[in-house]
Amino acid sequence: MPCRMISYQSKEDWKGIRDLLAGRDNPDNSVEPVVRDILHHVHTEEDKALVHYTQKFDCPSFTADMVRVSEAALEKAAQDIPAEDFDIIKEAAHNIRTFHENQKEKSWFTTSEDGTILGQVVRPVDRAGLYVPGGQGGDTPLISSMLMNVIPAQVAGVEEICVVSPPREDGLPNQYILAAAHYLGITNVFACGSAWAIAALAYGTKTIPAVDVIAGPGNIFVTTAKRLFIGTVGIDMVAGPSEILIIADKTGNPVQIAADMLSQAEHDPLASAILVTDDNELAKAVCDELKTQTGLLPRNEIAATALKDWSAIVVTPDMAAAVELSNNVAPEHLEIIVEDPWALLPTIRNAGAIFMGANSPEPVGDYFAGPNHVLPTNGTARFSSALSVETFTKKSSIIAASASFTQKNAPKIARLARLEGLEAHARSAETRLKK
């Protein structure tokens, strides 16, 4: 059996599924001392440290003048990749930009009768740093991560965007990443990876400027470095392994559902793929399909491990129980493959992204539809959201009180201040009282 079969009848059964998933959110603390050493090295040695680590792990012939990728290299990459691939990148970028344009927030002001003006100003951060993984050996570039991180920052109005991506043995990041950067108009591209790239973005070096917000996925070293910089710079999120939960009824296609589960299981041995259904026959059919399809995948060992350790087919008595379980899991990706998915949508409270119907498999959102694929994991969809334009903005409250407002309310303000034991606060308000 490729993954465990579980019966979920009521809330009392939640503990078993919660315990199944619990191990996925335990961070690998063994890498933290190593990452701290890397951060310190970059803080003190700057570009020299970047060269050291890049020579050791990525490109033995790497030199300091190779940290910044030249604009000529970006342009050449755009010319070198197949034209049909470049067109696909352009179309995906258009869809992503269109979606994120709708996320822009406006500054606003209100004026009261006494002349007091209150409001909120929304501004972009000055500089964003974006991490784009190169994939295995630099040969499976995360082009979609480039698009999903850069475009929201551009829509937000960030003036300076810095992209870091690990180089291959030739000293350059994958040409597809460079081509996408060229198309997006990004000129600050740096051949730099892992925790030292995050440190460079946070601290700044002679070549790489310090940024205000760092976003983008990465391995445990990247994730740990981002976690350690929370409070120093803005961090999009500390993401865990990929996950998908599929709610399906008897109308579900077992071939498609198994394929959708494997689309996440192939990511990582810690990935989780869960089917929740009220139909026993569908559960059995999907189990059989998982056996067949897993063996056909190039990354079959990874997928098989993820299915065995962290995945499940859960049978519930009805759709209400299925939704209840899904809301408890709060999955990164939620597919609703039922006869009328829109009828279930109002009952869904917790999910990073919701894919409606059999024609909306998770990869449609990962690559092309437009919504961001950087999503909360490990149950954090209970309180957090996808990477968005808001990730790259900051909001300032505006208070322009009129004389009459302050004079009228100064005694109340002073009273509240004195209740908190803050006499100077009280006196500050009282100095505005008319003599």
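The values are calculated or read from the model by the stated rules, or taken from the named source; none is laboratory data. Keep in mind the model is a prediction, meaning the values are calculated, not measured. Every residue, glycine as well, gets a Cβ built from its backbone with ideal geometry; the counts of neighbours run over all protein chains shown. Only protein heavy atoms, including side chains, enter the accessible area calculation; ligands, DNA and RNA are left aside. Shrake-Rupley method; radii C 1.70, N 1.55, O 1.52, S 1.80 Å.
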Exercise for review: Can you confirm whether segment 344-362 contains a residue that is touching a Ser or Thr at 6+ places or on another chain (Cβ under 6 Å) and either of a type in the set (S, T, N, Q) or open to solvent by less than 40 Å² (accessible area, probe 1.4 Å) (or both)?
Suggested key: yes
**Study point:** Options Arg24, Arg4: the member that is modelled with pLDDT under 95 and under 27 Å from the mean Cα position of the chain (by Cα)
**Key:** Arg24
Exercise for review: Report the residue count in segment 385-407 for those that are surrounded by 13 or more Cβ atoms within 10 Å (Cβ to Cβ) and either charged (D, E, K, R) or under 30 Å from Ala330 (Cα atoms) (or both).
Suggested key: 10
Check your understanding: Any chance segment 172-181 includes a residue that's in contact (Cβ under 8 Å) with a residue 60 or more places away in the chain and part of a loop (DSSP other than H, G, I, E, B)?
Key -> yes
Exercise for review: Consider only pairs whose beta carbons are under 9 Å apart and that are at least six residues apart or on different chains; among these, list those whose first residue lies in segment 342-355 and is polar (S, T, N, Q) and whose second residue is open to solvent by 70 Å² or more (accessible area, probe 1.4 Å).
Suggested key: Thr347/Ala320; Asn350/Arg382; Asn350/Phe383
Exercise for review: Being in contact with a Cys (Cβ under 9 Å, 6 or more places away or on another chain) and within 30 Å of Thr205 (Cα to Cα) is the filter here, so list the residues in segment 1-52 that pass it.
Suggested key: Leu50
Practice item. Mind listing just one residue for me: the one in segment 40-51 that is free of Cβ contacts under 8 Å to residues at least 24 places away in the same chain and surrounded by fewer than 16 Cβ atoms within 10 Å (Cβ to Cβ) and, of those, nearest to Glu169 (Cα to Cα)? Key: Lys48
Check your understanding: Out of all the residues in segment 6-24, which are touching a residue at least 60 places away in the same chain (Cβ under 8 Å) and either open to solvent by 80 Å² or more (accessible area, probe 1.4 Å) or over 21 Å from Pro269 (Cα atoms) (or both)?
Key -> Ser7, Tyr8, Gln9, Ser10, Lys11, Trp14, Arg18
Review point. Applying the selection to segment 353-367, what residues are small (Gly, Ala, Ser), on the phi < 0 side of the Ramachandran plot and in a loop (DSSP other than H, G, I, E, B)?
Key: Ala358, Ser360
Practice item. Specify the residue that is farthest from Gln55 (Cα to Cα); the eligible residues are those in segment 186-208 that are assigned to a loop (DSSP other than H, G, I, E, B) and of a type outside the set (Lys, Arg). Key: Ile186
Point to revise | Breaking point among (1) open to solvent by 30 Å² or more (accessible area, probe 1.4 Å); (2) under 19 Å from Met356 (Cα atoms), for Leu245 | key: (1)
Review point. Among the residues of segment 15-30, is any assigned to a helix (DSSP H, G or I), acidic (Asp, Glu) and in contact with a strand residue (DSSP E or B) (Cβ under 8 Å, 6 or more places away or on another chain)?
Key: no
Revision key, fill the gap. Picked from segment 278-305 (must be in contact (Cβ under 8 Å) with a residue 60 or more places away in the chain and not polar (S, T, N, Q)), the residue surrounded by the most Cβ atoms within 10 Å (Cβ to Cβ) is Leu290
**Study point:** Test set (1) in contact with a strand residue (DSSP E or B) (Cβ under 8 Å, 6 or more places away or on another chain); (2) among the aromatic types (Phe, Trp, Tyr); (3) crowded, with 23+ Cβ neighbours inside 10 Å - Trp196 fails condition number
**Key:** (1)
**Study point:** Pairs where the first residue, in segment 223-244, is over 24 Å from Val276 (Cα atoms) and of a type in the set (Ser, Thr, Tyr) and the second is open to solvent by 20 Å² or more (accessible area, probe 1.4 Å) and assigned to a helix (DSSP H, G or I), C-beta under 7 Å, 6+ apart
**Key:** Thr224/Glu32
Check your understanding: Can you tell me which residues in segment 58-70 are under 28 Å from the mean Cα position of the chain (by Cα) and among the charged types (D, E, K, R)?
Key -> Asp58, Arg68
Study note, to complete from the structure: Of the residues in segment 423-435, those that are outside any helix (DSSP H, G or I) and open to solvent by 70 Å² or more (accessible area, probe 1.4 Å) come to Thr431, Arg432, Lys434, Lys435
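Does segment 5-24 contain any residue that is aromatic (Phe, Trp, Tyr) and within 30 Å of Leu184 (Cβ to Cβ)?
no
Results for (1) in a loop (DSSP other than H, G, I, E, B); (2) closer than 25 Å to Ile117 by Cβ, shown as yes or no for each residue.
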residue	(1), (2)
Ala343	no, no
Ala351	yes, no
Ala369	yes, no
Asn378	yes, no
Glu390	no, yes
Thr406	no, yes
Ala414	no, yes
Gly421	yes, no
Point to revise | Selection from segment 155-169 of residues that are touching a helix residue (DSSP H, G or I) at 6+ places or on another chain (Cβ under 7 Å) and closer than 16 Å to Thr187 by Cβ | key: Val158, Ile161, Cys162, Val163, Val164, Ser165
